[in-house]
Amino acid sequence: ETGVTQSPTHLIKTRGQQVTLRCSSQSGHNTVSWYQQALGQGPQFIFQYYREEENGRGNFPPRFSGLQFPNYSSELNVNALELDDSALYLCASSPLPPQNYGYTFGSGTRLTVV
Amino acid sequence: GDSVTQMEGPVTLSEEAFLTINCTYTATGYPSLFWYVQYPGEGLQLLLKATKADDKGSNKGFEATYRKETTSFHLEKGSVQVSDSAVYFCALSPLGNQFYFGTGTSLTVIP
């Protein structure tokens, strides 16, 4: 098992810019989700992808968007960055259904918006 | 709506002490319940889970029992080690795809 890998590990962006974060799911997992973890808080659900389609979304604005590719890798895109977007972004994969198996998380991308 | 309430930290214990971290939840239906652990600078690791009432999840000496009557899923360990120092998150997954996490409880174990 290779686990979930994310890149980059750290990123600094300026307010108003756009950013793309990348994730490779664990082998055999066909579901990928993205979470935002602010400092000192629990992760907050952004969205989930299954078979390259978004199939669930948390309380995040449309400037947060994503993609899942046929090899189950994924991207998170954030447009018009705001200071409050500074957080650890976690990618998580799971075989379906996640509520039976739990997620495998990557180590995250630390995004700082200045 | 669905939510998780965790015992606030930080918690500091001596090595070999007994650990309890309280977790209660609010959910419709019959959610699955999880405990995750996060070591400094890392992502979350699944510690244990329970998918139905009265199930007991266990792993690495940690245990938690899914109590529907008290809507709780308290984490326990009989004898903690320094290596258990981390942040612990309780989470629930109702039917669907979203996990709801608590705010985390920081545990420090001193020798």
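Ignoring aspartates and glutamates fewer than eight residues from A:K13 along the same chain, the ones with Cα atoms less than 20 angstrom from its Cα are A:E75, A:E82, A:D84, A:D85.
With the radius of gyration and the Kirkwood radius both derived from the Cα set of the protein assembly as shown, what is their ratio Rg to Rh? Result for the protein assembly as shown is an Rg/Rh of 0.97. What shape does chain B take by its C-alpha gyration tensor, where a ≥ b ≥ c are the square roots of the eigenvalues and a/c under 1.5 counts as rounded, a/b above b/c as prolate, and the rest as oblate? Taking the square roots of the gyration eigenvalues as a ≥ b ≥ c, chain B is prolate. The simple spin-label model puts a point 7 Å past each Cα toward its Cβ; for A:N71 and A:T2 those points are separated by 0.7 nm. Taking each residue as 0.36 nm, the span from A:Q17 to A:N30 lengthens on full extension beyond its C-alpha to C-alpha distance by 1.6 nm.
Shown here: region A:23-88, whose C-alpha atoms stretch 34, 23, 17 Å along the first, second and third principal axes, sorted largest to smallest.
Which net charge results when you count Lys and Arg as +1 and Asp and Glu as -1 among the other residues whose beta-carbon is under 13 Å from that of B:K77? Please report the intermediate quantities before stating the final value.
Numbers: positive: B:K60; negative: B:E15, B:E16, B:E63, B:E76, B:D84.
For residues surrounding B:K77, the net value is -4.
Once you reduce region A:12-27 and region A:36-73 to the center of their Cα atoms, the two points are 12 Å from each other. Along chain A, counting only GluC sites (Glu not before Pro) with a DSSP assignment other than H, G, I, E or B and at most 14 other Cβ atoms inside a 10 Å radius, the longest segment between sites is A:2-51. Any idea what log10 I(q)/I(0) is at q = 0.11, 0.17, 0.19, 0.22 Å⁻¹ for chain A, Debye with uniform C-alpha scatterers and no solvent? Each listed q corresponds, in turn, to -0.31, -0.75, -0.93, -1.24.
Under a Cβ-Cβ cut-off of 13 Å, what is the net charge of the residues other than A:F69 that fall near it, where Lys and Arg count +1 and Asp and Glu count -1?
Combined, the nearby Lys, Arg, Asp and Glu give -1.
So, counting K/R as plus one and D/E as minus one, what does the shell of residues with Cβ under 12 Å around B:I110 add up to? Kindly include the intermediate steps, with their values, before the conclusion.
On the way: positive: none; negative: B:E15, B:E16, B:D84.
Taking every other residue near B:I110 into account, the sum is -3.
Every read-out reported here was derived from the displayed coordinates using simple, explicitly stated rules and does not represent laboratory data. Being a predicted model, the structure only gives us computed values, none of them experimental. Every residue, glycine among them, receives a Cβ derived from its backbone with ideal geometry; neighbour counts consider all protein chains shown.
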